[in-house]
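J.: Can you keep this structure in mind? I'll have questions shortly.
Values quoted throughout were computed directly from the atomic coordinates according to the rules given, and no laboratory measurement underlies them. Since we're looking at a predicted model, the values are computed, not measured. Counting neighbours? That spans all protein chains shown, and the Cβs are built from the backbone with ideal geometry, glycine included.
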Amino acid sequence: MANVMIRKDPNGKLVFYLAKKDLEAHILAIEHDDAEGFGGELTLDDGSRYYVDPLTPPPKLPITVRARRL
Amino acid sequence: MPAITHEQAEALIQEVLEVYPDNAKKERAKHLAVNDPGISSAKKCITSNRKSLPGVMTIRGCAYAGSKGVVWGPVKDMVHVSHGPVGCGQYSRAGRRNYYTGMTGVNTFGTINFTSDFQERDIVFGGDKKLTKIIDEIEMLFPLSKGITLQSECPIGLIGDDIEAVSRKKTKETGKPVVPVRCEGFRGVSQSLGHHIANDSIRDWVLDRRDGDQRFQGTPYDVAIIGDYNIGGDAWSSRILLEEMGLRVVAQWSGDGSLSEMELTPKVKLNLIHCYRSMNYISRHMEEKYGIPWFEYNFFGPSKIAESLRAIAAHFDDKIKEGAEQVIAKYQSLADAVVTKYRPRLEGKRVMLFVGGLRPRHTIGAYEDLGMEVIGAGYEFAHNDDYDRTLKEMGEATLLFDDVTAYEFEEFSKRLRPDLIGSGIKEKYIFQKMGIPFRQMHSWDYSGPYHGYDGFAIFARDMDMTLNNPCWGKLEAPWKNAAGASATA
């Protein structure tokens, strides 16, 4: 479990930032990202996958959440 | 056209690594790489932010240096107490040339060394009482100080003093913020953790002090300069460009900055971040808590300045965009004159850089504007995300060295023979004695500013002054040099 910050870059793409590892990567796929909720399984552009507990209603970005590595 | 090929650079790294014992070789090999601009993630080619090996000469500093020297130190109207033995404060006193306006000792305190001067009895019995007394004395002697920060030196953490309790008590008593900073030197692997700790202490003790206060009259054009330490006046030469394009600079973090500027920063519309490494933490925090977007800009060299000004303006309305174009147009002739004058003298010269966590990638643009080429670059304390940003800026087959050791740096320079090396004071005289022109890129070699259009003119002059100095032809004794001997005869 680690704290990660999820934010949108100027082009509107989701960016995943894991401070402990200095990992700043784009999120390629996210399980839930709609009016109902936000979170679930994330796939990053370096191929790694993380799990974030789905949040309802979808939060205002950026947000710091706990993520688990899959 | 790169000076060496990718294979030659790889071979050079292997050769340099040869002298290390096996374990050290394995570890150091991860920190040396040859750039390939095609790689998207630095993780694949270089490891950074790791503990330096025992026995090698590293160029790094400590967490205290990162907090007191870099982030907190330039905040001019606060008293920064170096809490612990006297040396840390004394030897770092006023060395970084963060310029500020004000009357030192009356309302500003940047270049004064405040220390609790720990003695044996303070180590044995704890230093909290002494600290309380010091804070009272500061209050009495310097009533115009706006606050106090306690910059811990190593022993504070070792003996477990409760400086937070003292801070809370004294904050209540004086009504001014007394900020405990747990930046003991032994924490982390380099000054980088000190930046982080200092950022966190600003977040916890300063940033929310005016959250409910609506008296500040904001405008839609409020910005803050984050991560500019005003070395030789850098922040000032950046600030005028932003103000000329119509923005209002509310705060400077932290060169020539003050406590109230920091407290007002949550009310700005955009954070402009120059040194990403040391201040991204607070920018990310403000983005999350106050919804202030941040933008990394680069004010080294006219091409990057123009690029940055346009990108900054894109965050605002047409008035600012127009303003940016006017600023660029106004200074273009100045920049062109500088390039016309110095480019012929500097064209094709090769540079090797080893600086903190930002400048190697930020100054590349300025060197390129002068027709110079960066053939090797490295950081003292950069992290992975800095290298991600660096790979794109650097050319094919340039050397990358993370936390370079003195031996590696010398060997690389001997083999590549760059025309100029940019690094710090500890490296300067080694390379000058080797006959390689050298500029200090931490303190601008007591020159500066280098940011902005005005700074570029000084940058170009300094590079020319160093590189084309006649002394480099006189390193050999005349009697060893036949041509020189006949000239004197």
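J.: Post the alpha-carbon centroid distance, segment B:260-317 to segment B:42-93, in whole angstrom.
T.: 24 Å
J.: Assuming R0 = 30 Å, what is the FRET efficiency of B:LYS169 and A:THR64, from their Cβ-Cβ distance, to the nearest 0.05?
T.: 0.45
J.: May I ask you to list the aspartates and glutamates whose Cα is less than 12 Å away from that of A:LYS20, ignoring any residue fewer than eight positions away on the same chain?
T.: A:LYS20 reaches B:ASP385.
J.: Compute the relative contact order of segment B:222-329 as a whole-number percentage, counting only Cα pairs closer than 8 Å that sit 6 or more residues apart in sequence.
T.: 27 percent.
J.: Right, another one. Ratio to report: Rg/Rh of the protein assembly as shown, with Cα atoms as the point set and Rh obtained by the Kirkwood method; give two decimals. Could you put the intermediate results ahead of the total?
T.: Numbers: Rg = 24.6 Å, Rh = 25.2 Å.
Dividing the radius of gyration by the Kirkwood radius yields 0.98.
J.: Quick check on the protein assembly as shown: of the DSSP beta bridges with both residues there, what percent are antiparallel, nearest 5%?
T.: Bridges in the protein assembly as shown that DSSP calls antiparallel: roughly 40 percent.
J.: What size of dipole, in debye to the nearest 20, comes out for chain B about its Cα centre when the only charges are +1 on Lys and Arg C-beta atoms and -1 on Asp and Glu C-beta atoms?
T.: 560 debye
J.: DSSP loop (so not H, G, I, E, B), at most 13 other Cβ within 10 Å: list which GluC sites (Glu not before Pro) in chain A pass both filters.
T.: Numbers: sites: A:GLU24, A:GLU31, A:GLU36, A:GLU41; in loops: A:GLU36.
Here the GluC sites (Glu not before Pro) that fit, given the DSSP loop and packing criteria, are A:GLU36.
J.: For chain B, give the share of DSSP beta bridges that are antiparallel, in percent and rounded to the nearest 5; count only bridges with both residues there.
T.: 10 percent
J.: I would also like to ask the following. If you put +1 on each Lys and Arg Cβ and -1 on each Asp and Glu Cβ, how big is the dipole of the protein assembly as shown around its Cα centre, in Debye rounded to 20?
T.: Details: 71 positive and 76 negative charges, 188 e Å.
For this selection, approximately 900 debye.
J.: Further, regarding this structure: Restricting attention to segment B:74-129, which trypsin sites (Lys or Arg not before Pro) occupy a DSSP loop and are surrounded by at most 15 other Cβ atoms within 10 Å?
T.: none
J.: What average count of beta carbons from other chains do you get within 10 Å of the Cβ of residues in A:16-23?
T.: Average neighbour count from other chains, rounded to a whole number: 4.
J.: Place a +1 charge on the Cβ of each Lys and Arg in segment A:2-69 and a -1 charge on the Cβ of each Asp and Glu, then give the dipole magnitude about the Cα centre in debye, rounded to the nearest 20.
T.: 300 debye
J.: For chain B, what value does the Rg/Rh ratio take when both radii are computed over Cα atoms and Rh is the Kirkwood radius, given to two decimals?
T.: My calculation of the ratio gives 0.99.
J.: Under 27 Å Cα to Cα from B:LYS304, which lysines show up? Leave out anything in the same chain fewer than 8 places away.
T.: List returned: A:LYS8, A:LYS13, B:LYS43, B:LYS269, B:LYS319, B:LYS321, B:LYS330, B:LYS341, B:LYS349, B:LYS392.
J.: State which entries of B:LYS146/B:LYS176; B:LYS172/B:LYS267; B:LYS76/B:LYS146 exceed 18 angstrom in Cα-Cα distance in the structure shown.
T.: B:LYS172/B:LYS267
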